[in-house]
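Report on one structure; see the data block that follows.
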């Protein structure tokens, strides 16, 4: 009696469908999918903001006879 068989789960599913109805369950599923999509978009925007914060650093190097500008940049691919 420790674990539930497939018949137990089918009975629970039937009771849930009877209580909530299929339309409400469908709306619940689409709302959950929209929330997951919004979360993924938010995570993507968060990494884009972090990439903008790591802008290239411009440093000046001087030698005895001339002045040169060196730009230190990490190349990253856009995904």
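The values are calculated or read from the model by the stated rules, or taken from the named source; none is laboratory data. Quantities reported herein were computed from a predicted structural model and do not represent experimental measurements. Virtual Cβ from ideal backbone geometry, glycine too; neighbours counted across all protein chains shown.
Return the residue satisfying two criteria in turn: it lies in the range 11-58 and is outside any helix (DSSP H, G or I) and either under 30 Å from the mean Cα position of the chain (by Cα) or closer than 20 Å to residue 76 by Cα (or both), and of such residues it is modelled with the highest pLDDT.
54
Criterion first (loosely packed, with under 10 Cβ neighbours inside 10 Å, modelled with pLDDT under 85 and in a helix (DSSP H, G or I)) does residue 64 satisfy it?
Working: loosely packed, with under 10 Cβ neighbours inside 10 Å: yes; modelled with pLDDT under 85: yes; in a helix (DSSP H, G or I): no.
Spelling it out, it is not the case that residue 64 is loosely packed, with under 10 Cβ neighbours inside 10 Å, modelled with pLDDT under 85 and in a helix (DSSP H, G or I).
Exactly one condition in (1) modelled with pLDDT of 70 or more; (2) not in a helix (DSSP H, G or I) is not met by residue 8; state its number.
Looking at each condition in turn, residue 8 falls short on (2).
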